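See structure below.
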Amino acid sequence: MVLPEDPSIELLRDLLSGGGPDEELFRSAHLKLLEEMGGRVYLRGLVEISNNCRKNCFYCGLRRDNASIDRYSMRPMEIMGSLRRGYRLGLRSFLLQSGELLGEEHLEMVAGILRSCSSTMPGARMVLSLGELPEEIYDRLRIAGGHRYLLRIETSSPVLYGHFHPDDPLHSHGARLRALEYLRDSGWQTGTGVLIGLPGQTVEDLAEDILFMKRMDMDMVGMGPYIESPGTPLLERADEIFPAETRILLTLRMIALTRLALPGVNIAATTALQTLSVSGLERGLLAGANVVMPNLTPERYRESYNLYTGKTRVRDTPSEMIDDLRDRCLAIGRELSLYDPGDPPHFKERTGRGESPDDDR
Ligand code: SAH
Ligand code: SF4
C-alpha cells in the first residue's frame, strides 16, 4: 500500500474505518519506518513527578475536582534518583510529566532538575509534558536544559474539544494551539497527539487529526486510546464508548497512517495502548511506532498517577523492565536502542539544526 504524500481526508477516513486490509496497512507503515529510520526502538524513561493539576478535563483522573486520589509531588532528590538509575542503565532520554501547575516552586524545581541533568548526564535528552505554561516559562525551561516538549492537542476539532472540557478560559482550544505553535517555533523538538475513541468522535475527526499533525510540522507523536477513568464526568457517557478492541484497532490504524503521512517523526507505542491490549507494545511497534516509555516513577507514587483505570502494575525493577523490553523487541525483529537519545530526523529537516539541540544552545 502506497499512501500519497498528501493523503486526502476521504482516503484517510476510508482507511480508518477499515476500508482496506489492516494487515497490509500495518505492514506498509512498518516497512516505511524501516526504510526511513531503521528498526531501532528508542526508550524514554518516564517520571511522573506530580499528580496535582489545576485543570478539570472531563476524561482525566488527575482533574482538580477528583477528590478520590492521593495527591503527591516528588521531591527533587527522588526525581534525580529515578533519572540517574535510568541513565546508568543506558537510557538517554527522559520524560518528566505532571498535571498542569503554574506555581513558581514547582517550575523552578523542574528548571533545577534540568540544570542538574545538563551537567551530570551528558547526552541525555530531557522531554517535558507539563501542560500549557506561559511562553517565558517555556523559554526558561528550554534554557535550563529542556530539549523536547509534548503537548497533546487531544483533538484538532475545537467543537469536539469543547465537549470534553469545561467552557472557560482555562480550557481553551485556541490557547492550547498557540502554546503548541510557540513550542514548535522556539527551538523545542515538539510533539503532539490525540485521544482516540472518545464518545462521539468520528473517523472523519481522526482523519482531520492526522492532517493537523502534518500541517503543524510536528517532530513527535504520542496518541493512545481513551480509557475510562473513575471519578470523571465522561463516565456518564460510558454507553457511547467503543469496545476496547475497536479503540485498539483505531489506535493502530492511526499509528500506521501517521507513520505513512509523516515519515521521520518519532511515534510512541503508548502506555494507554499497552493498558488496553496485552500485546499493545508489539502491535504498536509493528504498525510503525518506534518509541516506548518504561516507567521509572517510584512504586509508591505510581498508583496515584491514575490518568485512567487499569494501568498494568509493573513490579519489575528498571533493569528487569529493560531486559523484558529487549526480549519483546527482539521477538518481533526489532532492536532496543540504548545509549542513544533517538532524535527524530524530522527535527533536523524542519530546522536545519544538528541532531543535538545542545549544539545550538
Ligand atoms: N497535564 C499535562 C500532561 C499530563 S496528562 C497535559 O495535559 O498536557 C497526559 C495525557 O494523558 C493527556 O494529554 C491526555 O491525552 C492523556 N489522558 C488523560 N486522561 C486520559 C484517559 N482517560 N485515557 C487516555 N489518556 C488520557
Ligand atoms: Fe490535568 Fe493533563 Fe489531566 Fe487535563 S489531561 S486534567 S491538564 S493532567
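Quick check on M1: is it open to solvent by less than 30 Å² (accessible area, probe 1.4 Å) and in contact with a Gly (Cβ under 8 Å, 6 or more places away or on another chain)? Quick ask: steps written out before the conclusion?
On the way: open to solvent by less than 30 Å² (accessible area, probe 1.4 Å): no; in contact with a Gly (Cβ under 8 Å, 6 or more places away or on another chain): yes.
No, not satisfied.
Residues in segment 287-331 that are touching a Ser or Thr at 6+ places or on another chain (Cβ under 8 Å) and farther than 30 Å from E35 by Cβ: N295, L296, T297, P298, Y305, N306, L307, Y308, T309, G310, K311, T312. If only residues of segment 96-141 that are within 16 Å of ligand 2 (Cβ to nearest atom) and surrounded by fewer than 13 Cβ atoms within 10 Å (Cβ to Cβ) are counted, the one that is farthest from the chain's Cα centre (by Cα) is G103. Pick from segment 213-244 the residues that are of a type in the set (A, V, I, L, M, F, W, C) and surrounded by fewer than 18 Cβ atoms within 10 Å (Cβ to Cβ): which of them is farthest from ligand 1 (Cβ to nearest atom)? Within segment 213-244, the match that is farthest from ligand 1 (Cβ to nearest atom) is M216. Checking each residue in segment 304-332 for being in contact (Cβ under 8 Å) with a residue 24 or more places away in the chain and open to solvent by 70 Å² or more (accessible area, probe 1.4 Å) picks out T312, A331.
When each of S17, S28 is tested for being open to solvent by 30 Å² or more (accessible area, probe 1.4 Å), touching a residue at least 24 places away in the same chain (Cβ under 8 Å) and of a type outside the set (F, W, Y), the lone residue that passes is S17. Out of all the residues in segment 137-152, which are of a type outside the set (A, V, I, L, M, F, W, C) and in a helix (DSSP H, G or I)? Answer for segment 137-152, where residues must be of a type outside the set (A, V, I, L, M, F, W, C) and in a helix (DSSP H, G or I): Y138, D139, R140, R142.
Among the residues of segment 282-303, those that are hydrophobic (A, V, I, L, M, F, W, C) and either open to solvent by 20 Å² or more (accessible area, probe 1.4 Å) or part of a helix (DSSP H, G or I) (or both) comprise L285, L286, M293.
Residue-level analysis places M80 outside the set of residues that are over 30 Å from N290 (Cα atoms) and crowded, with 17+ Cβ neighbours inside 10 Å. Quick one: count up the residues across segment 184-204 that are within 19 Å of the chain's Cα centre (by Cα) and outside any strand (DSSP E or B). Final tally of qualifying residues: 6. Quick check on my filter: what residues within segment 65-76 are at pLDDT 95 or above and either within 11 Å of ligand 1 (Cβ to nearest atom) or open to solvent by less than 90 Å² (accessible area, probe 1.4 Å) (or both)? Of everything in segment 65-76, those that are at pLDDT 95 or above and either within 11 Å of ligand 1 (Cβ to nearest atom) or open to solvent by less than 90 Å² (accessible area, probe 1.4 Å) (or both) turn out to be N66, R71, Y72, S73, M74, P76. Applying a threshold of 6 Å to beta carbon distances and a minimum spacing of six or more residues, or different chains, the list of pairs starting in segment 208-230 at a residue that is of a type in the set (V, I, T) and ending at one that is outside any helix (DSSP H, G or I) and within 16 Å of ligand 2 (Cβ to nearest atom) reads V221/G193; I227/Y308.
Of the residues making up segment 2-50, those that are over 24 Å from the mean Cα position of the chain (by Cα), in a loop (DSSP other than H, G, I, E, B), closer than 27 Å to E245 by Cα and not aliphatic (A, V, I, L, M) are S8, G18, G19, G20, P21. Pairs are defined by a Cβ separation below 6 Å, a sequence spacing of at least 6 or placement on different chains, a first member in segment 153-165 that is part of a helix (DSSP H, G or I), and a second member that is surrounded by 21 or more Cβ atoms within 10 Å (Cβ to Cβ); the pairs so defined are Y161/T155.
Could you please find all residues in segment 84-95 being closer than 15 Å to P341 by Cβ and surrounded by fewer than 16 Cβ atoms within 10 Å (Cβ to Cβ)? Break it down into steps so the answer makes sense when it comes.
Of all residues in segment 84-95, those closer than 15 Å to P341 by Cβ come to 86-87, 89-95.
G90, the sole residue that qualifies.
When each of G18, G45, G61, G38 is tested for being modelled with pLDDT of 95 or more and on the phi > 0 side of the Ramachandran plot, the lone residue that passes is G38.
For the structure I just gave you, tell me whether D205 is in contact with a strand residue (DSSP E or B) (Cβ under 9 Å, 6 or more places away or on another chain), surrounded by fewer than 22 Cβ atoms within 10 Å (Cβ to Cβ) and not aromatic (F, W, Y). For D205, the condition - in contact with a strand residue (DSSP E or B) (Cβ under 9 Å, 6 or more places away or on another chain), surrounded by fewer than 22 Cβ atoms within 10 Å (Cβ to Cβ) and not aromatic (F, W, Y) - is met.
If the condition is being in a loop (DSSP other than H, G, I, E, B) and either in contact (Cβ under 8 Å) with a residue 60 or more places away in the chain or among the aliphatic types (A, V, I, L, M) (or both), then segment 166-183 contributes only P166. Give the residue that is nearest to ligand 2 (Cβ to nearest atom), with candidates limited to residues of segment 51-95 that are part of a helix (DSSP H, G or I) and closer than 20 Å to I137 by Cβ. That would be I79.
Regarding segment 267-281, can at least one residue be identified that is assigned to a loop (DSSP other than H, G, I, E, B), open to solvent by less than 20 Å² (accessible area, probe 1.4 Å) and of a type in the set (A, V, I, L, M, F, W, C)? Steps first, answer last, please.
Our first condition is that a residue be assigned to a loop (DSSP other than H, G, I, E, B); within segment 267-281, this holds for 269-270, 277-279.
Cutting the leftovers down to open to solvent by less than 20 Å² (accessible area, probe 1.4 Å) gives us 269-270, 277.
Still in the running and of a type in the set (A, V, I, L, M, F, W, C): 269.
Looking through segment 267-281, at least one residue is assigned to a loop (DSSP other than H, G, I, E, B), open to solvent by less than 20 Å² (accessible area, probe 1.4 Å) and of a type in the set (A, V, I, L, M, F, W, C).
The values are calculated or read from the model by the stated rules, or taken from the named source; none is laboratory data. Here the structure is a predicted model, which is why all the values come from computation and not from measurement. Because the Cβ atoms are built from the backbone with ideal geometry, glycine has one as well, and the counts that use them run over all protein chains shown. Only protein heavy atoms, including side chains, enter the accessible area calculation; ligands, DNA and RNA are left aside. Shrake-Rupley method; radii C 1.70, N 1.55, O 1.52, S 1.80 Å.
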